[in-house]
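**Student:** This is the structure, below, for whatever I ask next.
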Amino acid sequence: MSSRDYFKGKRIAVIGLGPLGEMVADIKFLIRSGALVALYDLRSEDRLKSHLVLLRALGLASHVCGSVPSDDLLDMDMIILSHEYPRDSSFLHLAKEKKVAIEYPETLFFKLAPPITLVGIMGSCGKATVISMLSPMLETVCRDHEGQGFFVVDPEDSSGIIAHLKKIKTGDIVLLRIVEAIMKELYDMRVSPQVAVFTTVPPRGAYRQSPFEILSYQTYNNFVVASDEVVEATHSLSFQPKGKMLRTKHTLIPPDWELNGRGSHDRDNAALALQTARLFKITDEVARPILESWKSLRGRLELVKKVKNVEFYNDTASVSGEATLAGMVSLSENRNVVLIFGGAEAGCDYKYLYRDMPKYARVVITVPGSGTIRERHAMNKIDHVEVYAAPDIEEAARLALEHSRKGDRVLFSPGFEAGGLDCSRKERGERFVRAVRAL
């Protein structure tokens, strides 16, 4: 049975469009497959207006904004959740009692996809960067093997996840960015990537017993590509994957290769991409021009502007302490970082960030959010770091410049979600860019 036949005639509730409308492509695919789709989202109709106009024109059966009525879900054949909504959401209790199928796009994808080669990218930061380096290399494999397809499946991409089912064939290579919330879901499905790439040790909260339990179903001809730090973490937790572990470090990249990234941070990511590419018989002669032509992604240590001999960097994609620390390590020279930090609760542990922050930053400017409120006391106790509060991103940029010295680097690396600023991660990055350009 094809995926289109599977969805035909089914009543499906999609809960959440995603922060940037990432679920729109999947809803379009479901509608075109003959499903009767009802959309629910806790945001107002005004905020979703542009997406709703398109989906109604395509045949969206109904939509409810501002709430998710529990009784509505009882008549559904399936519920598909956006990542913002956990399985223990209160509005799902009645549907669970009635045993209505509840899926995330990834879990549904793996239930319906044919046998594929899965390359999974995991870790608290650097996933998107590694994918941007690795994907053009893996594309060369498929060009050389007629009939084999290559797909990048990213939950934050506008191409959707379920929608890829219409093209994927047996034996294709799928490069998947595995976000923390989905690691437990894949473990429960007994899914492990044949090639598992760890940018960092997965953050606590992404697992129940071991941060590496997602590797439990690898076989002896599978691989784990990771830094020394990650490999040592598996040993300290007495976890031994069946797959072969391949260590990487930035020195894997020959010194004469000219990467555009900043310092060892991007060379570490490039080393992960190169080691993975070599598993697919990609030669260094093919890999080198791809890595040397790579450019930093927007919103990930993106240089915005130099103002009065102070450089401003946009790292809005940072939603964890590990990501913020990695950004500071990359940019800091003699504690010359002025950090703009804070936002909505992200469920992370920041004690290691606070411990190491004085090595790299001299000043911290906080922006509002529930996470900032919770961490305020801990932030104020950081030794040798000045902490100032700003009411919004615009004032934070101004205060950062005011407290900077010649040669400093202002890093907007929030380390939290964007809800406290009433915007998405992308939108808060755009606000920061506009604020810097107005200085």
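The values are calculated or read from the model by the stated rules, or taken from the named source; none is laboratory data. If you're wondering where the values come from, they're calculated on a predicted model, not measured in any experiment. Neighbour counts run over all protein chains shown; Cβ positions are idealised from the backbone, glycine included.
**Student:** Within region 4-25, does at least one residue satisfy the condition of being among the small types (Gly, Ala, Ser), over 23 Å from residue 179 (Cα atoms), touching a helix residue (DSSP H, G or I) at 6+ places or on another chain (Cβ under 8 Å) and in a loop (DSSP other than H, G, I, E, B)?
**Tutor:** The answer is no; no qualifying residue exists.
**Student:** Within region 402-439, can you find the residues that are assigned to a loop (DSSP other than H, G, I, E, B) and buried (at least 21 other Cβ atoms within 10 Å of the Cβ)?
**Tutor:** If the condition is that a residue be assigned to a loop (DSSP other than H, G, I, E, B) and buried (at least 21 other Cβ atoms within 10 Å of the Cβ), then 404, 408, 413, 414, 415, 416, 418 are the ones that fit.
**Student:** Which of the residues spanning region 69-96 are of a type in the set (Asp, Glu) and either crowded, with 19+ Cβ neighbours inside 10 Å or at pLDDT 95 or above (or both)?
**Tutor:** Once the filter is applied, which keeps residues that are of a type in the set (Asp, Glu) and either crowded, with 19+ Cβ neighbours inside 10 Å or at pLDDT 95 or above (or both), region 69-96 yields only 77.
**Student:** Quick check: anything in region 226-246 touching a Lys or Arg at 6+ places or on another chain (Cβ under 9 Å), modelled with pLDDT under 95 and closer than 22 Å to residue 14 by Cβ?
**Tutor:** no
**Student:** Of everything in region 32-51 that's in a strand (DSSP E or B) and more than 25 Å from the chain's Cα centre (by Cα), which residue is surrounded by the most Cβ atoms within 10 Å (Cβ to Cβ)?
**Tutor:** Only one residue tops the list, namely 37.
**Student:** Among the strands (runs of 3 or more DSSP E) lying completely within region 288-368, list those that include at least 1 residues that are closer than 30 Å to residue 157 by Cβ and touching a Lys or Arg at 6+ places or on another chain (Cβ under 8 Å).
**Tutor:** Counting at least 1 such residues, we get 302-307, 310-314.
**Student:** Among the residues of region 23-63, which ones are within 22 Å of residue 111 (Cα to Cα) and at pLDDT below 90?
**Tutor:** Correct list: empty.
**Student:** Looking at 71, 88, which one is more than 30 Å from residue 227 (Cβ to Cβ), in a helix (DSSP H, G or I) and in the same structural domain as residue 23 (by TED's automatic domain parsing)?
**Tutor:** One residue alone meets the criteria, 71.
**Student:** Condition check: outside the structural domain of residue 129 (by TED's automatic domain parsing), part of a helix (DSSP H, G or I) and crowded, with 19+ Cβ neighbours inside 10 Å. Does residue 375 satisfy that?
**Tutor:** Against the criterion (outside the structural domain of residue 129 (by TED's automatic domain parsing), part of a helix (DSSP H, G or I) and crowded, with 19+ Cβ neighbours inside 10 Å), residue 375 qualifies.
**Student:** Also: Residue 114: over 15 Å from residue 26 (Cβ atoms), assigned by TED's automatic domain parsing to the domain that holds residue 166 and exposed (fewer than 15 other Cβ atoms within 10 Å of the Cβ), yes or no?
**Tutor:** yes
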